[in-house]
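> Have a look at this one before I ask anything.
The values are calculated or read from the model by the stated rules, or taken from the named source; none is laboratory data. Only a predicted model underlies this, so the values are computations on that prediction, with no experimental measurement involved. A quick note on method: Cβ atoms are made from the backbone with ideal geometry, for glycine too, and the neighbour counts reach across all protein chains shown.
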Amino acid sequence: MMKKSRRSFLKVAGIAAVGLGAAPAMNFAASDLSGPVKSRNEDGLSAHRWGMVIDTNKITDEVVESIVEACHKAHNVPDFNHEVNEEKFPNTRPVNHKQEVKWIWEEEFHYAFPDKEDEFLAEKFHDLPFLVTCNHCKNAPCVKACPTQATFKREDGIVLMDYHRCIGCRFCMAACPYGSRNFNFRDPRPFIEETVPDFPTRSKGVVEKCNLCAERLAKGEQPHCVEASEGAIVVGDLEDPESEVRALLNEHYTIRRKQSLGTEPSVYYVM
Amino acid sequence: MNKSYIITGLVIFVLAVLSPFWFNMITDTQAAPEPELLGKAKTEKKCVLEKYEMRANHMSLLDEWRDSVVRNADRQYKAANGHSFNMSLSTGENSCLGCHEDKAKFCDSCHTYASVDPYCWECHTNPKEIE
């Protein structure tokens, strides 16, 4: 029978324990050096909470038109008034104009701000065009309603959609008090006049809405609406006291849509 | 008498069970198409992962990229081999299609052969197909 002292047993056990620990430790050190790394674009814009200030005094019908066109064109938003190319898309069924899709659009004051209606409201508000879009709410009801987390709130405050994940249940549309969401009742492609290769289209059966040009902010560019607005729209960081949007909010009286609902919209209107 | 029935039955059974082999013997079998490297992809010689890993796992990689871009806004991918890529299927120079220019010969040839029908292109656009 082999005899082993307690001392020699402990020695061997100790060496074995060091050996067992060494392999994972070395693997960890090696993997740290060679693993893939994901990162932001270096020149991308960032914020703690993105927000938008729209100066209603600077919004004219022409400005509205160019903003809507710039946004919808760049994001391949279908226009159901567009005549379908029969050769490319044969047998396209007729359009139901109630099924429009829009990311940013013109609205009348009493529809955009129903709680601010007044018997003796200043005359000018009845005719002014108001631009409305997704409010990227702080307490976004659409995010809570989405059963698949296809709609989610990004860390920087943008309410975004993952179209891959959308199952088309439209709970978010019911939840959104601003009508900012539209459902693709049909394949949108025949109704896109000129498909822009820089942005995907959507497919039948998903909901879509404004994404605050997250793809442009990531490249360090301002959203399309800001660029087309001739200074009427400013997008910036609401949480940064030094930002341009905060300066505007400080200087002017601003309102938000349906504030009483508690969704905390991030789009402000300078009156 | 039962014996002959059983044997005929067995023969028919064996023939039927092996029918895929007979079918293959009388029809031409096609070898799996090789994805064709054209244009930039041919000269660059650097992909995100090694060739065989890419063949087997490109779908998981795309899935990971999608989550990274959409959810975390991380759009740059520095691969283990040191090369950087723009995590995008079809937009920009440094995306998948930016390098693998011919979708028909790169994606579709294998997908068609394998009867796989991914719905990427219901939304994503092939810049070459847009006139």
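> Of the numbered conditions (1) farther than 30 Å from B:VAL48 by Cα; (2) assigned to a loop (DSSP other than H, G, I, E, B), A:ILE15 satisfies every one except a single condition; which is it?
Among (1) farther than 30 Å from B:VAL48 by Cα; (2) assigned to a loop (DSSP other than H, G, I, E, B), the lone unmet condition for A:ILE15 is (2).
> From the list A:LYS73, A:LYS88, pick out the single residue that is closer than 30 Å to B:LEU62 by Cβ, of a type outside the set (S, T, N, Q), part of a helix (DSSP H, G or I) and out of contact with any strand residue (DSSP E or B) (no Cβ under 7 Å at 6 or more places or on another chain).
Answer to the check: A:LYS73.
> Within the stretch A:19-45, count every residue that is modelled with pLDDT of 90 or more and more than 30 Å from B:GLY82 (Cβ to Cβ).
Matching residues across the stretch A:19-45 total 0.
> Somewhere in the stretch B:25-37, is a residue surrounded by 10 or more Cβ atoms within 10 Å (Cβ to Cβ) and not in a loop (DSSP other than H, G, I, E, B)?
no
> Then there is this: I'd like to verify a number: residues in the stretch B:87-118 that are out of contact with any Lys or Arg (no Cβ under 8 Å at 6 or more places or on another chain), modelled with pLDDT of 85 or more and within 14 Å of chain A (Cβ to nearest Cβ), how many?
Residues in the stretch B:87-118 being out of contact with any Lys or Arg (no Cβ under 8 Å at 6 or more places or on another chain), modelled with pLDDT of 85 or more and within 14 Å of chain A (Cβ to nearest Cβ): 8 in total.
> Let me confirm something: among A:SER39, A:SER66, which residue is in contact with a helix residue (DSSP H, G or I) (Cβ under 8 Å, 6 or more places away or on another chain) and either touching a residue at least 12 places away in the same chain (Cβ under 8 Å) or on the phi < 0 side of the Ramachandran plot (or both)?
Result: A:SER66 is the single residue among A:SER39, A:SER66 that is in contact with a helix residue (DSSP H, G or I) (Cβ under 8 Å, 6 or more places away or on another chain) and either touching a residue at least 12 places away in the same chain (Cβ under 8 Å) or on the phi < 0 side of the Ramachandran plot (or both).
> Something else: Please report, ordered by residue number, the strands (runs of 3 or more DSSP E) entirely within the stretch A:114-202 with at least 1 residues that are touching a residue at least 60 places away in the same chain (Cβ under 8 Å), crowded, with 20+ Cβ neighbours inside 10 Å and more than 14 Å from chain B (Cβ to nearest Cβ).
Once the strands (runs of 3 or more DSSP E) in the stretch A:114-202 are filtered for at least 1 residues that are touching a residue at least 60 places away in the same chain (Cβ under 8 Å), crowded, with 20+ Cβ neighbours inside 10 Å and more than 14 Å from chain B (Cβ to nearest Cβ), what remains is A:130-133.
> Quick check on this structure: which one of B:TRP121, B:TRP65 is within 13 Å of another protein chain (Cβ to nearest Cβ), buried (at least 19 other Cβ atoms within 10 Å of the Cβ) and not hydroxyl-bearing (Ser, Thr, Tyr)? Give the steps one after another, and end with the answer.
Values: B:TRP121 fails: buried (at least 19 other Cβ atoms within 10 Å of the Cβ).
Going through B:TRP121, B:TRP65 in turn, just one is within 13 Å of another protein chain (Cβ to nearest Cβ), buried (at least 19 other Cβ atoms within 10 Å of the Cβ) and not hydroxyl-bearing (Ser, Thr, Tyr): B:TRP65.
> Quick one: how many residues across the stretch B:88-128 are assigned to a loop (DSSP other than H, G, I, E, B) and under 28 Å from B:GLN30 (Cα atoms)?
Number of matching residues: 10.
> Within the stretch A:212-238, restricting attention to residues that are assigned to a loop (DSSP other than H, G, I, E, B) and within 10 Å of chain B (Cβ to nearest Cβ), which residue is surrounded by the fewest Cβ atoms within 10 Å (Cβ to Cβ)?
For the stretch A:212-238, the residue satisfying everything is A:LYS219.
> Would you mention how many residues in the stretch A:143-172 are more than 14 Å from the chain's Cα centre (by Cα) and among the β-branched types (Val, Ile, Thr)?
Summing the residues that are more than 14 Å from the chain's Cα centre (by Cα) and among the β-branched types (Val, Ile, Thr) in the stretch A:143-172 gives 2.
> Would you pick out the residues in the stretch B:41-57 that are more than 14 Å from chain A (Cβ to nearest Cβ) and surrounded by 13 or more Cβ atoms within 10 Å (Cβ to Cβ)? First the steps, then the outcome.
Start the filter on the stretch B:41-57 by keeping residues that are more than 14 Å from chain A (Cβ to nearest Cβ), which leaves B:41-45, B:51-52, B:55-56.
Scanning the stretch B:41-57 gives a single hit, B:ALA41.
> While we're on this one: Name the residues in the stretch A:91-113 that are in a loop (DSSP other than H, G, I, E, B) and surrounded by 10 or more Cβ atoms within 10 Å (Cβ to Cβ), would you?
Passing the criteria: A:THR92, A:VAL95, A:ASN96, A:GLU100, A:VAL101, A:LYS102, A:TRP103, A:GLU108, A:PHE113.
> Is it true that A:GLY21 is of a type in the set (Gly, Ala, Ser), over 30 Å from A:ASP187 (Cα atoms), out of contact with any Asp or Glu (no Cβ under 7 Å at 6 or more places or on another chain) and touching a residue at least 24 places away in the same chain (Cβ under 8 Å)? Step through it out loud before you land on a result.
Working: of a type in the set (Gly, Ala, Ser): yes; over 30 Å from A:ASP187 (Cα atoms): yes; out of contact with any Asp or Glu (no Cβ under 7 Å at 6 or more places or on another chain): yes; touching a residue at least 24 places away in the same chain (Cβ under 8 Å): no.
When the stated conditions are applied, A:GLY21 does not pass them.
> Then there's this: Consider the stretch B:16-53. How many of its residues are out of contact with any Phe, Trp or Tyr (no Cβ under 8 Å at 6 or more places or on another chain) and closer than 30 Å to A:ARG216 by Cβ?
Residues flagged as out of contact with any Phe, Trp or Tyr (no Cβ under 8 Å at 6 or more places or on another chain) and closer than 30 Å to A:ARG216 by Cβ within the stretch B:16-53 amount to 6.
> Go through (1) in a loop (DSSP other than H, G, I, E, B); (2) touching a Cys at 6+ places or on another chain (Cβ under 6 Å) and name the single condition B:CYS47 misses.
Condition (2) is where B:CYS47 drops out.
> Same structure, new question: Of all residues in the stretch B:68-86, which are more than 8 Å from chain A (Cβ to nearest Cβ) and at positive phi?
Within the stretch B:68-86, B:GLY82 is the sole residue that qualifies.
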